[in-house]
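Chemist: Just passing along the structure, written as C-alpha cells.
Bear in mind these aren't lab numbers, they're just calculated from the coordinates by the rules spelled out. Owing to the predicted nature of the structure, the values given are computational and were not obtained by experimental measurement. Here Cβ is always computed from backbone atoms with ideal geometry, including for glycine, and neighbour counts include all displayed protein chains.
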Amino acid sequence: MGTSASWLSISTKPKDAALAELDLLDSGAPVQPGQSDFAGATLPDGSYLLVLRGAMHPIVSPSSLEALSAGATLIACTEQDNTNAAMACQVRNGKRVWEVVHILDEGPDHLDVKGRAPKALAGLLEAARQARAQHGHDAVMGVPDALARKAAGYPAGAAPAPAFTRLEPVPGEPFGSPTCLWRRILQTEQAERFEQEQPDLLAALAPRVARALAPLGFAPVQRPGVRHQLARTVGELTQFVRPVAGAHGRLNALLEARHALADRIVDEYTPTMNWPGDPPYALLLSRLEGRGDRPYAVHNAADLDAFGALLEARLPHWAAQLADLRALDRASQKSYADQPLVNMLLKRRYHLLAGAWLTGNPDLPALVEACAPSEERRAQCEGLLALLREKCQPLP
C-alpha cells in the first residue's frame, strides 16, 4: 500500500459499528487510497479495510487498536519510509496476538517478533534477506506489510481491486475534547507541537484581551503569581479578568471580583484569619458560557485565533453583566451550585455570605447550610450576618 502509510482490517465487527467507534462517516464518494486522509473498502470476506494517510497514524497506536478490537479482530500495519521502519500486528479483544517490527537502524536483517506470528513469516523473511543480499536495498522493511496482507486476506495486486470510498471525521464541537480515543491522541500530539511553536499561549492572547476590555476601563494590574491580569473598579466593586491555561492547549478565562464593603465587614469579623488575597468571586468563562468546567482546547494557530476572537466578543459582555454585586452574586450561586462550598477556604465562604446578605439573596438560609455543615460553623456564619445587620444596610 505504499510507504509512509497506515492501514488496518477489521473483521467480526460490522462496518457501521467500527466507523461509529472511530468517529468516521462514509461519504460514499469513490477515492483511491492515499488521495484522502481516510479511505475504506469492504474486502471479499466481509472484513472492512481502512487506509490512513501518513505513518504511525493515531488509529494504529496500541491504545487505539486495543479499544477498537473489543469484539473484533484487527490486522494493522504502518510504514515510515524516512526512517525505514515498519510494524504489523494482530489484535483481538484488547489483546495483541502477534507483532513484527523492522527498524533499519537496528540492522538490515532486523525483525523483532512478539507473540505467535503466522507461519508465512519465515518464508517472507528469507525471501527478503535474499533480495537484500542480491540488490542491496532494505527488503526486510516490506515483510511486516506482506505478512499483514496475507493475514488480512488482501495480497498485493489482488483483483478485482476493492472499491474504496472517502471517509470523513464526524464534525467535532468547537474547542471540544473529542470522545474518540484516536482523536484525543491526535489532538494532544498537535497541541504539543503547537506549544513548541507557540510556547506562551497566554502572551499571544493578552493583547487581544487588553484591547477588548480597554473601552470598559480595564487596565493591567500586578498581582504576585498572576500573569496578564486586567482590572477596573466600579463603585465598591473591583473586577479582574485574565486568560488562564492548562496542559496541552486547554485554555479558559477567569473573571474575578471583590466588593470593598463585604471585604471590610469580613475583615472586621475575622481580624486574625489569614487570607491569601485572592478575590472571593471567581468565575470561569466556560461556566458562564454553559460549558461547565470543560476548557477550550486549542491545538493549532487557527484554534488560537478563534479563541482570541471568542475572548474579544464575550469577555466585555460578561464584564459588563457582572459589574454590580447583585448580578455577581446570582452568577456565583449558579456557578457554585454543583461545587461543595464547604471545601472553600472559610474566609472566602464568609465573603460569599456577605455578598448574598448585601444583595438580599432569598437563598441565603440555604447558602448558610451549604457553607456551614456543623453547628459551630453555622453559629459563626450567623455571627457574621449579625455584624452585617449592625454595620450596614442591604444594597438598594
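Chemist: What percent of all Cα-Cα pairs in segment 221-280 falls in each 10 Å bin, counting up from 0?
Modeler: For segment 221-280, the binned pair fractions read 19, 43, 29, 9, 1 percent.
Chemist: Rg (Å, one decimal) plus Dmax (Å, integer) for the alpha carbons of segment 201-391?
Modeler: Over segment 201-391's Cα set, Rg and Dmax evaluate to 17.4, 56 Å.
Chemist: Note down the relative contact order for the chain as a percent, whole number, built from C-alpha pairs under 8 angstrom at least six residues apart. Present the calculation step by step, with values, prior to reporting the outcome.
Modeler: Details: 651 pairs, mean separation 47.4, N = 396.
Dividing the mean separation by the residue count of the chain yields 12 percent.
Chemist: Still on this structure, please answer the following. Report the label-to-label distance for Asn82 and Gln32 in nanometres (one decimal), using points 7 Å from each Cα along the Cα→Cβ vector.
Modeler: The modelled label-to-label distance comes out at 2.4 nm.
Chemist: Cα-Cα over 24 Å: which of Lys334/Lys391; Lys15/Lys119; Lys15/Lys150?
Modeler: Values: Lys334/Lys391 28 Å; Lys15/Lys119 28 Å; Lys15/Lys150 21 Å.
Long pairs (Cα-Cα over 24 Å): Lys334/Lys391; Lys15/Lys119.
Chemist: Can you list residues from other chains, or at least 5 along the same chain, whose modelled amide H is less than 5 Å from the amide H of Val234?
Modeler: Here the answer is Gln239, since their amide H atoms fall under 5 Å of that of Val234.
Chemist: Additional query: Which ordering of Asp303, Asp23 is given by a fewest-first count of other beta-carbon atoms within 10 Å?
Modeler: On the way: Asp303 20, Asp23 17.
Ascending number of Cβ neighbours within 10 Å: Asp23, Asp303.
Chemist: Could I ask something else about it? Relative to the compact globular guide of 2.2 N^0.38 Å, what is the alpha carbon radius of gyration of segment 34-133, as a ratio? Mind dumping the intermediate values first?
Modeler: On the way: Rg = 14.6 Å, N = 100, 2.2 N^0.38 = 12.7 Å.
Its radius of gyration relative to the 2.2 N^0.38 Å reference: 1.15.
Chemist: Subtract the Cα-Cα distance of Lys119 and Ala386 from 0.36 nm times their separation in residues, and report this length gain in nm to one decimal. If you can, show how the numbers build up before the last one.
Modeler: Working: separation 267, 0.36 × 267 = 96.12 nm, distance 8.47 nm.
Gain in length upon complete extension: 87.7 nm.
Chemist: Then there is this: Helix hunt in the chain: which complete DSSP H runs extend at least 20 Å axially by C-alpha with mean Kyte-Doolittle at least -1.0?
Modeler: On the way: long enough: 120-135 (22 Å, -0.06); 181-197 (24 Å, -1.35); 301-321 (30 Å, 0.29); 375-391 (24 Å, -0.82).
Counting only whole DSSP H runs, the qualifying helices are 120-135, 301-321, 375-391.
Chemist: In square nanometres, what is the average projected area of the Cα convex hull of segment 81-122? Working shown, then result.
Modeler: Working: hull surface 14.0 nm².
Average projection, Cα convex hull of segment 81-122: 3.5 nm².
Chemist: On a full-extension model of 0.36 nm per residue, what is the gain between Ala161 and Ser335, subtracting their alpha-carbon distance, rounded to one decimal in nm? Each step should come with its number before you reach the end.
Modeler: Working: separation 174, 0.36 × 174 = 62.64 nm, distance 5.76 nm.
That pair, Ala161 and Ser335, stretches by 56.9 nm at full extension.
Chemist: Listing Trp98, Trp357, Trp7 from the residue with the fewest other Cβ atoms within 10 Å to the one with the most, what is the order?
Modeler: Numbers: Trp98 18, Trp357 22, Trp7 26.
Ranking Trp98, Trp357, Trp7 by Cβ neighbours within 10 Å, fewest first, gives Trp98, Trp357, Trp7.
Chemist: So for segment 5-171, Kirkwood radius off the Cα pairs, Stokes-Einstein at 20 °C and 1.002 mPa s: how many µm² s⁻¹? Working shown, then result.
Modeler: Working: Rh = 16.2 Å.
Estimated diffusion coefficient is 132 µm²/s.
Chemist: Rounded to the nearest Å, what's the spacing between the alpha carbon centres of segment 276-307 and segment 120-179? Just the number, please.
Modeler: So the two Cα centres are separated by 43 Å.
Chemist: Tell me the Kirkwood hydrodynamic radius of the chain in angstroms, computed as one over the mean inverse distance between distinct C-alpha pairs.
Modeler: Numbers: mean 1/r = 0.0391 Å⁻¹.
The answer is 25.6 Å.
Chemist: I need the calculated FRET efficiency for the pair Arg96 and Ala313, taking r as the beta carbon distance and R₀ as 45 Å, to the nearest 0.05. Walk me through the numbers on the way to the answer.
Modeler: Values: r = 48 Å, r/R0 = 1.07.
Once the sixth-power term is evaluated, E becomes 0.40.
Chemist: Want the number for Thr270 to Leu395: 0.36 nm per residue separation, take away the alpha-carbon distance, what's left? Mind dumping the intermediate values first?
Modeler: Working: separation 125, 0.36 × 125 = 45.00 nm, distance 2.23 nm.
Answer, rounded to one decimal: 42.8 nm.
Chemist: I've got another one for you. Efficiency by 1/(1 + (r/R0)^6): what FRET value for Arg132 and Ser4, r their Cβ-Cβ distance, R0 = 22 Å, to the nearest 0.05? Intermediate values should be presented prior to the final figure.
Modeler: Details: r = 20 Å, r/R0 = 0.93.
So, using R0 = 22 Å, E works out to roughly 0.60.
Chemist: To continue, here is another question. Once R0 is set to 56 Å, what does the formula 1/(1 + (r/R0)^6) return for the Cβ-Cβ distance between Asp200 and Arg378, expressed as a FRET efficiency to the nearest 0.05?
Modeler: Working: r = 46 Å, r/R0 = 0.82.
For Asp200 and Arg378, the calculated efficiency is 0.75.
Chemist: Determine how many Å³ per residue the convex hull of the Cα atoms of segment 1-59 encloses. Walk me through the numbers on the way to the answer.
Modeler: Working: hull volume 5.2 nm³, N = 59.
Enclosed volume per residue, from the Cα hull, is 88 Å³.
Chemist: Follow-up. Based solely on its DSSP helices, what 222 nm [θ] is calculated for the chain when runs of n ≥ 4 H residues each add -39,500 (n - 2.57) and the sum is averaged over all residues, nearest 500 deg cm²/dmol? Please report the intermediate quantities before stating the final value.
Modeler: Numbers: 13 runs with 154 residues, N = 396.
Roughly -12000 deg cm²/dmol at 222 nm, from the helical runs in the chain.
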